Amino acid sequence: MITIQNDGPELVETNYWESEYARNGYVYLTINAGCFRLLVPDGKGIPVEDLKTGQVVLVTRGPWPEMGRHDALELLFEDYSDNPFCLHIVPEQVDRMPLDSDRDRPGQPPKWTFAVYTRGGKVHEAPARYRKAKKLPYMKEWRER
């Protein structure tokens, strides 16, 4: 079981880096006080430098039929290039899935922040948007309507 100690949106303490998740190279997403916090394992092929390029992180929830999953999250690190970094994770990698009522609305400022943590602490923070899609991968930019 992964334990998390919070101070509002800040992650104070966790046993994640000693967990089976980290040992097996799985990221873990924890949500608190309007902040998505992505925990990244040590040296397991997750390019932390690519995660830092996200000027905004688009978190999209939907089914992932290619993987046989009825629910998953897409984390798109929007850097406004033709090929932004993207991760797909399943509910087992999240402490709680965001709710429909948590969605951002076009025309309004972002409700969320997104922070990336390594064993050494927070290495990146950016505004985030949360939305739903009919299926993943979605990989579309945020559209203001």
Can ARG103 be described as over 30 Å from ASN15 (Cβ atoms) and at pLDDT below 95? yes
Those residues that are surrounded by fewer than 21 Cβ atoms within 10 Å (Cβ to Cβ), within 14 Å of the chain's Cα centre (by Cα) and hydrophobic (A, V, I, L, M, F, W, C), I need them from the stretch 32-62; list them, please. CYS35, ILE46, VAL48, VAL56
Only residues that are among the aliphatic types (A, V, I, L, M), out of contact with any Lys or Arg (no Cβ under 9 Å at 6 or more places or on another chain) and closer than 18 Å to VAL90 by Cα: list them for the stretch 29-38, please. LEU38
I'd like the residue in the stretch 63-109 that is assigned to a helix (DSSP H, G or I) and under 23 Å from VAL48 (Cβ atoms) and, out of all such residues, is most open to solvent (accessible area, probe 1.4 Å). GLU92
Any residue in the stretch 38-53 that's within 23 Å of PRO98 (Cα to Cα) and in contact (Cβ under 8 Å) with a residue 24 or more places away in the chain: show its pairings with residues that are surrounded by 12 or more Cβ atoms within 10 Å (Cβ to Cβ) and among the charged types (D, E, K, R) at Cβ separation under 8 Å, as long as the two are six or more apart or on different chains. PRO41/ARG23
Cβ-Cβ under 8 Å pairs, at least 6 apart or on other chains, the stretch 6-32 side part of a strand (DSSP E or B) and modelled with pLDDT of 95 or more, far side of a type in the set (D, E, K, R) and open to solvent by 30 Å² or more (accessible area, probe 1.4 Å): GLU10/LYS122; LEU11/LYS122; TYR28/ASP95; LEU29/ASP95; THR30/ASP95; ILE31/ASP95; ILE31/ARG96
Looking only at the stretch 111-143, and only at residues there that are charged (D, E, K, R) and closer than 18 Å to PRO84 by Cβ, the one that is most open to solvent (accessible area, probe 1.4 Å): ARG143
Could you say which residue among PRO98, PRO106, PRO91, PRO127 is without any contact (Cβ under 8 Å) to a residue 24 or more places away in the chain and either aromatic (Phe, Trp, Tyr) or within 23 Å of ALA33 (Cα to Cα) (or both)? PRO91
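The values are calculated or read from the model by the stated rules, or taken from the named source; none is laboratory data. What you see is a predicted model, and the numbers here were worked out from it, not measured in a lab. Here the Cβ is made from the backbone with ideal geometry for all residues, glycine too, and neighbour counts use every protein chain on show. For accessibility, only protein heavy atoms count, side chains too; no ligands or nucleic acids. Shrake-Rupley method; radii C 1.70, N 1.55, O 1.52, S 1.80 Å.
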